[in-house]
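Working notes, beginning with the structure itself.
The values are calculated or read from the model by the stated rules, or taken from the named source; none is laboratory data. These numbers were taken from a predicted model, which means no experiment stands behind them. Every residue, glycine as well, gets a Cβ built from its backbone with ideal geometry; the counts of neighbours run over all protein chains shown.
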Amino acid sequence: MQINWLAKVRHALVTVLFSLSVAALQWAFAPERSPLPLVSYSLCIGLITWAVIDLGRHAFASARETGWPSGWRGLVLVTVGIALGYSLGNALGDLICRHLGLYRGGPPVDIQAEVRRGMLVTLVAGAVGNFLFYIWGKSAYLQRQMVQARSQATEAQLKLLQSQLEPHMLFNTLANLRVLIATDPARAQTMLDHLNAFLRATLDASRATQHPLATEFQRLGDYLELMAVRMGPRLRYRLELPPDLARHPVPTLLLQPLVENAIRHGLEPHLAGGELVVRARLQGEHLRLDVEDSGAGMHTDAKPGFGLTQVRERLQSAYGASASLDIGPAAEGGTLASIQLPRARPTP
């Protein structure tokens, strides 16, 4: 098992703070005693107990939920750790106090009472400390499970969105193909090529969570060519992708819902159709992706559909607060949907 040494350092620092707190409590209840020996003993006992338990647990099979040995192994490990921490910590603390002369000037000490008090404090502090580390381990596991569940839910929504998009587009395309095969075989062949490329790209996208921006634009190009056959001259489009952004990674199927939304709610209801522009550009430290149409414009009372909601949720899952989707009226009429993503290194 690979050990996370950074986490071990954090645990050791927490143990030091906890041991200092125990020494402070002991001194608060017996202020006539010198605080330095209390600090010395508390640190030695606490750190040795922590080292035996937190490092020794990796010698056993641990529960996935907590990272600690389950059953009797965990109980034996904690018992041995507390026992060794008390005996070795007392011996090391006594050696340090004698070497540094920390006993000088202190009041007479009842050895038997000190032994009983030390055993009780070690037992209680060890139990409390191990319980805290156990709870933290379980909390970290639950957080990882939540992140994984959120990611799986997002990908499930992506698959659901694909299952809704593909039949809708596929049935319309096949209907157009049926007509073109009889009237314009060359155009039907071109349409079939675009359909094949679109479905191939869709299959590749379903097997990954990210792909280069050039792949996303190529997929949109095939989709728009298919839509252009159905809408004819009512659909004009431009894809503007600077060469230096072609390999920038983006989530798969990110722009498809925005493009389909622009066609369905912007251009198709508009009698004269219009132009659809998809562009990518850098804006400071962000990548900006725009889908702009010159169609019917926004309806202020319209509720966001499944596709737009799913895009927002995917952005939130992948980038958190550093990404956004804004939809508003375009400068010259129509609708503008803009995505902002953190700038990333190109995919290899």
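Any residue in the range 26-45 that is surrounded by 14 or more Cβ atoms within 10 Å (Cβ to Cβ), in a helix (DSSP H, G or I) and at pLDDT below 80? Yes, the conditions are met somewhere in the range 26-45.
Taking first residues from the range 204-222 that are in the same structural domain as PRO242 (by TED's automatic domain parsing) and more than 12 Å from PRO251 (Cα to Cα) and partners that are at pLDDT below 90 and in a helix (DSSP H, G or I), the Cβ contacts under 6 Å between residues at least 6 apart in sequence or on separate chains come to ARG219/ALA201; ASP222/HIS194; ASP222/ALA197; ASP222/PHE198. In the range 262-285, the qualifying residues are those that are under 16 Å from LEU239 (Cβ atoms) and of a type in the set (Lys, Arg), and the one that is surrounded by the fewest Cβ atoms within 10 Å (Cβ to Cβ) is ARG281.
Would you mind finding the one in GLY333, GLY274, GLY284 that is at pLDDT below 85, on the phi > 0 side of the Ramachandran plot and in the same structural domain as THR209 (by TED's automatic domain parsing)? That would be GLY333, the only listed residue that is at pLDDT below 85, on the phi > 0 side of the Ramachandran plot and in the same structural domain as THR209 (by TED's automatic domain parsing).
Applying the criterion of at least 1 residues that are of a type in the set (S, T, N, Q) and either over 20 Å from the mean Cα position of the chain (by Cα) or closer than 18 Å to PRO212 by Cβ (or both) to the strands (runs of 3 or more DSSP E) found wholly in the range 236-340 leaves 274-283.
Go over the candidates SER294, SER317 one by one and state the one that is touching a helix residue (DSSP H, G or I) at 6+ places or on another chain (Cβ under 7 Å) and either surrounded by fewer than 20 Cβ atoms within 10 Å (Cβ to Cβ) or polar (S, T, N, Q) (or both). It would help to see each step written out before you state the result.
Details: SER294 fails: touching a helix residue (DSSP H, G or I) at 6+ places or on another chain (Cβ under 7 Å).
Criteria check complete, one pass: SER317.
Return the residues of the range 212-235 that are under 27 Å from the mean Cα position of the chain (by Cα), surrounded by 19 or more Cβ atoms within 10 Å (Cβ to Cβ) and farther than 16 Å from ALA262 by Cβ; say none if nothing qualifies. LEU213, THR215, listed by residue number.
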